[in-house]
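Here is the structure we will look at, set down as structure tokens.
The values are calculated or read from the model by the stated rules, or taken from the named source; none is laboratory data. Predicted model only: the values in this text are computed from it and were never measured. Neighbour counts run over all protein chains shown; Cβ positions are idealised from the backbone, glycine included. In case anyone asks, the SASA skips ligands and DNA or RNA and just uses the protein heavy atoms, side chains included. Shrake-Rupley method; radii C 1.70, N 1.55, O 1.52, S 1.80 Å.
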Amino acid sequence: MRIIIIGSGIAGVSFAEKCRSYSTDDEITLITGENSGYYSRPLLSRGFSKDDIEQTIILKTFDKLRANNINVISGVKITAINRTDKTVTSSSQDDSPLHYDKLILATGSAAFIPPLFRPYNELFFCLNSLTDLKALRKFRSEITRQNRPPAWAIIGGGLIGCEVASDLAVSGDPVTLFHAMDRLMERQLVTEDSALLLEVLQKSGVKVLLNQNVKGFSKQENKVCVDTNVTIEFDALIVSCGFKPRTELAELANLEVGRGIKVNQSMQTSDESIYALGDVAEFPNGKLYAFILPIRNQAHWLAGFIAGQESANWTPPVFTTKAKVHGFEAAHPYNV
Amino acid sequence: MSDYKKYVCEVCGHIYDEADGDEDTGIAPGTRWEDVPDDWRCPECGVEKSEYILLD
């Protein structure tokens with residue numbers, strides 16, 4: 001059987017490895033736009049307080065996966081899925097279309113940019129990938145070389161926004177966090193824990209602004225500005241307003257798509273040869289499971305299912321998460 | 001020995017079981033948590049040992 005996986009995050013890599021452990025005969029090909037290897041996405045939020053992060057964030061090199069008989073094609077973008085002849089086409093011109101018997105979509109998610117901010121995309125950073133982190137670190141070291149720390153604005157006080165604000169603040173930078181709601185991480189935390197989080201962030205030097213209606217951004221010489229009712233200047237902005245599943249390929253191929261790629265309880269899309277898992281998969285209950293533990297669980301289950309070792313439907317495991325905010329411990333369980 | 005303990009990574013939920021160790025990262029079965037090197041990291045999400053808590 002020829003199995004093609006698109007994506008080299010935790011979903012794609014965990015699936016590929018488990019798949020290999022079930023079978024030595026299947027041809028397993030993993031195609032990814034990444035070049036750096038398989039890295040830890042949670043660690044992106046610790047990307048400033050650790051000097052060696054660009055190396056230590058790599059959990060496995062692609063060569064290590066290749067040594068396990070997984071054919072990794074890196075630095076390549078898949079441009080189309082051709083469902084009638086079961087092939088995928090890539091951006092690399094010398095590659096002829098690749099045939100699959102089973103196609104696994106593990107394309108993950110991009111940063112969600114609210115429509116209002118899209119016209120200004122030259123003016124802000126996101127922190128969603130190792131490439132983003134490297135760009136941010138490069139920018140930061142250029143400013144730091146002028147013997148001052150950069151002043152940051154973080155737009156969005158959800159999980160990632162709070163983590164990044166915290167990590168920049170403990171690294172010595174002045175940080176202002178803009179949040180639209182009246183409390184931080186309101187989706188995951190109870191009110192009491194939001195208040196505690198606010199206190200912890202303020203103590204570490206973060207200036208937290210709640211109930212903010214950010215209308216847009218503007219540029220003034222070397223500074224970028226956040227426009228609310230007033231205009232405040234910064235060296236750089238990071239927009240962290242949630243994630244957007246990468247459904248474009250599936251849409252082009254006319255697969256059923258909602259917020260994510262729609263799958264049944266066996267992670268099968270509306271095409272029986274194509275599966276989706278991880279951040280990009282939307283289950284019949286409307287849920288997307290964008291956390292490490294359920295994604296690993298999905299990957300292992302799906303590999304077993306395709307190997308004929310699992311027959312029942314996938315059931316989500318019990319899981320929780322924890323914001324990587326320096327010095328913050330929630331008193332109550334997170335709502336995931 | 002039945003008093004082996006388990007530790008859970010609070011970030012991703014990975015469980016380190018002293019009885020099993022972690023073969024992939026070279027930790028032998030039976031290795032006590034305190035004997036796991038300080039620079040050992042969660043094999044699933046990469047965070048440091050300090051992110052683990054005792055599972056009871």
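Looking at A:SER74, A:SER21, A:SER36, just one residue is open to solvent by 10 Å² or more (accessible area, probe 1.4 Å) and over 23 Å from A:LEU136 (Cβ atoms), and that residue is A:SER21. When restricted to residues that are assigned to a helix (DSSP H, G or I) and over 19 Å from A:ILE10 (Cβ atoms), the stretch A:56-85 contains 1. Could you count how many residues in the stretch A:208-223 are touching a helix residue (DSSP H, G or I) at 6+ places or on another chain (Cβ under 9 Å) and outside any loop (DSSP other than H, G, I, E, B)? Within the stretch A:208-223, residues that are touching a helix residue (DSSP H, G or I) at 6+ places or on another chain (Cβ under 9 Å) and outside any loop (DSSP other than H, G, I, E, B) number 5. Scanning the stretch A:24-61 for residues that are β-branched (Val, Ile, Thr) and at the interface with chain B (Cβ under 9 Å from one of its Cβ atoms) gives A:THR56, A:ILE57, A:ILE58. Among the residues of the stretch A:315-336, those that are in contact with a Phe, Trp or Tyr (Cβ under 7 Å, 6 or more places away or on another chain) and either open to solvent by 30 Å² or more (accessible area, probe 1.4 Å) or farther than 19 Å from B:CYS12 by Cα (or both) comprise A:PRO316, A:PHE319, A:THR320, A:VAL336.
Residue check, B:ASP39 against (1) within 9 Å of the chain's Cα centre (by Cα); (2) without any contact (Cβ under 8 Å) to a residue 40 or more places away in the chain, all met but one. Which one? Single failed check for B:ASP39: (1).
For (1) assigned by TED's automatic domain parsing to the domain that holds A:ASN222; (2) among the aliphatic types (A, V, I, L, M); (3) surrounded by 17 or more Cβ atoms within 10 Å (Cβ to Cβ), each residue gets a yes or a no:
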position: A:LEU127; (1), (2), (3): yes, yes, yes
position: A:LEU130; (1), (2), (3): yes, yes, yes
position: A:ALA135; (1), (2), (3): yes, yes, no
position: A:ARG140; (1), (2), (3): yes, no, yes
position: A:ASN147; (1), (2), (3): yes, no, no
position: A:PRO150; (1), (2), (3): yes, no, yes
position: A:GLY172; (1), (2), (3): yes, no, no
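Looking across the stretch A:288-314 at every residue that is open to solvent by 10 Å² or more (accessible area, probe 1.4 Å), away from every other protein chain (no Cβ under 14 Å) and in contact (Cβ under 8 Å) with a residue 12 or more places away in the chain, the one that is nearest to B:ILE15 (Cα to Cα) is identified as A:TRP301.
Quick check: is even one residue across the stretch B:31-41 under 18 Å from A:ASN297 (Cα atoms), surrounded by 17 or more Cβ atoms within 10 Å (Cβ to Cβ) and within 14 Å of chain A (Cβ to nearest Cβ)? Scanning the stretch B:31-41 turns up no residue that is under 18 Å from A:ASN297 (Cα atoms), surrounded by 17 or more Cβ atoms within 10 Å (Cβ to Cβ) and within 14 Å of chain A (Cβ to nearest Cβ). Here are some conditions: (1) more than 25 Å from A:LEU201 (Cα to Cα); (2) at pLDDT below 95. A:ARG118 meets all but one. Which one does it not meet? With (1) more than 25 Å from A:LEU201 (Cα to Cα); (2) at pLDDT below 95 applied to A:ARG118, the lone miss is (2).
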